[in-house]
1. Between rounded, prolate and oblate, where does the range 1-107 land on the alpha carbon gyration tensor, with a ≥ b ≥ c its root eigenvalues, rounded for a/c under 1.5, else prolate if a/b exceeds b/c?
2. Got a number for the accessible area of residue 36? Probe 1.4 Å, square angstrom, nearest 10.
3. I'd like the distance separating the alpha-carbon centroids of the range 71-129 and the range 1-65, in whole Å.
4. Count neighbours as other Cβ atoms within 10 Å of each site's Cβ, and list the trypsin sites (Lys or Arg not before Pro) in the range 33-89 that are DSSP loop with at most 12 such neighbours.
5. Just to verify a number: what accessible area does residue 123 come out at with the full protein assembly present, 1.4 Å probe, Å² rounded to tens?
6. Mind checking the full-extension length gain between residue 85 and residue 111? Use 0.36 nm per residue of separation minus the Cα-Cα distance, one decimal, nm.
7. Can you give me the distance in nm between label points at residue 13 and residue 44, each placed 7 Å from the Cα along the Cα-to-Cβ direction?
Amino acid sequence: MITVFLVDDHSVFRAGVRAELAGAVDIVGEAGTVAEAVEGIISTTPDVVLLDVHMPDGGGCAVIREVRNRCPDTVFLALSVSDAAEDVIAVIREGARGYVTKTISGEALADAVRRVRDGDAVFSPRLAGFVLDAFCAPDAGAGAGVVDAPEADAAVERQ
């Protein structure tokens with residue numbers, strides 16, 4: 001069974017997610033703060049972390065930053081009320097494998113957990129466009145598109 005660690009600063013929401021996912025996954029821990037999440041994830045090394053984006057002390061991005069190198073096999077799936085493009089892009093850039101909104105059904109959430117654990121990227125339909133746009137839009141830091149045209153290979157062009 002897939003092991004899941006649940007991170008959200010609202011205990012009632014965590015209880016609801018736990019109830020919705022009962023039998024589909026094994027919830028090995030939960031946390032309501034960034035510090036608790038980091039400690040709990042490192043000690044349980046779950047397959048997937050369901051992660052709220054907005055929490056005090058840096059939210060989901062801070063959790064990913066603190067944990068990703070210590071638990072390289074753990075996958076992060078953002079589960080947030082926010083559907084703002086900047087939130088989606090920020091957490092994906094930190095390393096989340098997907099982003100779904102809290103309007104998702106329990107069955108669809110269990111499926112999303114399985115899919116990210118298996119290597120897929122999972123997004124609520126409206127949010128997928130934000131990610132695509134981010135990879136096609138100019139990157140202010142580099143002055144060029146995030147996805148640049150491939151460099152020509154001289155050996156290939158000679159043929």
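The values are calculated or read from the model by the stated rules, or taken from the named source; none is laboratory data. As the structure is a computational prediction, the values presented were derived from the model and not from experiment. Note that each Cβ is placed from the backbone with ideal geometry, even for glycine, and that neighbours are counted across all protein chains shown. Surface accessibility is based on the protein's heavy atoms, side chains included, excluding ligands, DNA and RNA. Shrake-Rupley method; radii C 1.70, N 1.55, O 1.52, S 1.80 Å.
1. Taking the square roots of the gyration eigenvalues as a ≥ b ≥ c, the range 1-107 is rounded.
2. Counting only protein heavy atoms, residue 36 exposes about 100 Å² to solvent.
3. 13 Å
4. 70
5. 50 Å²
6. Here the segment from residue 85 to residue 111 would lengthen by 7.0 nm.
7. Inter-label distance under the simple model: 1.7 nm.
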